1. So what's the back-of-envelope 222 nm ellipticity for the chain, counting only DSSP H runs of four-plus at -39500 (n - 2.57) apiece and dividing by all residues, rounded to 500?
2. Each residue of segment 84-97 in turn: what ³J(HN,Hα) in whole Hz from Karplus with 6.51, -1.76, 1.60 and θ = phi - 60°, glycine and Pro shown as x?
3. Using heavy-atom solvent-accessible surface (probe 1.4 Å) with all chains present, what is the largest-first order of Glu128, Glu304, Glu34?
4. Determine the per residue accessible area of the chain with all protein chains present and a 1.4 angstrom probe, expressed in square angstrom.
5. Normalised by the empirical 2.2 N^0.38 Å for globular proteins, what value does the Cα Rg of segment 197-342 take?
6. Under 27 Å from the Cα of Lys315, which lysines turn up, not counting those fewer than eight places away in the same chain?
7. Can you give me the three principal axis dimensions of segment 48-99 from its C-alpha atoms, in Å, biggest first?
8. Kindly report, to the nearest 10 Å², the accessible surface of Glu215 as traced by a 1.4 Å probe over protein heavy atoms only.
Amino acid sequence: SLEGTPLEGGSEVTFSINHNTAPTRMALGVNGCEDCHVAEAHMFKGQQMMDLHGPDGDPVTVSNGRLFGCNPFAFEVNALHQQIVSPYVGPVIMLVVFLIVVHYHSYGPKRITFDPYSEEIERFNLVERGIHLFRLISFVFLAVTGLILAFNLHLWQQLLFGSAQTLHDVHVWMGIVFIITTIGGIVLWLRDAIFESYDTEWVRKMGGYLGHKGEVPSGPLNAGQKMFYWLSSILGVLMGFTGLILVYKGAFDLPTICITSTVHNLLGFFLIAGVVAHAYLGTVANPGTWRVLVDGSVTREWAEHHHPNWFRKLKEQERIERAEAKYDAQRTEAKRSADDREA
């Protein structure tokens, strides 16, 4: 015979179960990530009973989050991302696109003559063009797959990749390419990305993109390109580092993964917005400029307009080279004359 006694602190939970299967509508996650990853969810609010009678005779409970090995701080960081940041990522990116459209209709493109395959001045060599191309391709794949993963866009996953495993594999392999090309880009353009005194004037004149007429000082890279270099390099390295942790997440505890995934997603959103703006300035806002990434050369007129300081330095180098060539020719002629007199 059994005697039922009331349990202090206990509560009855009724489940709708048919043949030992709960309906889909009761599954955690059916309403999105917010079913668990928000401050109001059951992750740390709900309690699991660990012991019917503790040292003081009362039941011993622990939150679901603690039971899974997560701490409240890591969870709050992740919840902030899911509840506040993620809902506004789409609107922010759309705002960037809207500002691009407003700028284009307000100021229009800079129409400077750009003849493809002019071979007048080499802007980027083959290695630089290759690094930029593969970095761009890998970033596009990372942006698409990353957004699908961040927002659990199952339909797009099925449409573009067929399975979650394929999506994951593409993201990881493109991440490796992105890390390699990012490091390569850092090495290749580090010297040109150092800020000079004249870059402050470029910033003051906003690069001429807000209607300024006249020369805007710029070296091999203008101040805007230098800022994007440092932004994309720093975020790229951090994205690669956090991405590697997530690939090998089994080696880390849950709080580390919660914080790392949050940081990884946030950096990705900032980088996507920055690349969209960078792509606009390198294509539509400056017609023909993207061709430099195909053949590597620019016209003298284009170089003088977009990068006057760099162009003057090239002209001075050409003048020195011509003077040296003339001097060498004179020495050769003088030596020949001396040889003729001796003969």
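1. Numbers: 13 runs with 205 residues, N = 343.
Only helices count here, giving -20000 deg cm²/dmol.
2. My calculation for segment 84-97 gives 10, 6, 3, x, 9, 5, x, x, 5, 5, 5, 5, 4, 4 Hz in order.
3. Glu304, Glu34, Glu128
4. 64
5. Compared with the compact-globule rule of thumb, segment 197-342 sits at 1.70.
6. Lys110, Lys205, Lys213, Lys226, Lys326
7. The principal-axis extents, from largest down, are 64, 14, 12 Å.
8. 100
The values are calculated or read from the model by the stated rules, or taken from the named source; none is laboratory data. It should be emphasised that the depicted structure is a prediction, and the values quoted were computed from it without experimental measurement. Please note that ligands, DNA and RNA were not included when accessible areas were found on the heavy atoms of the full protein model with its side chains. Shrake-Rupley method; radii C 1.70, N 1.55, O 1.52, S 1.80 Å.
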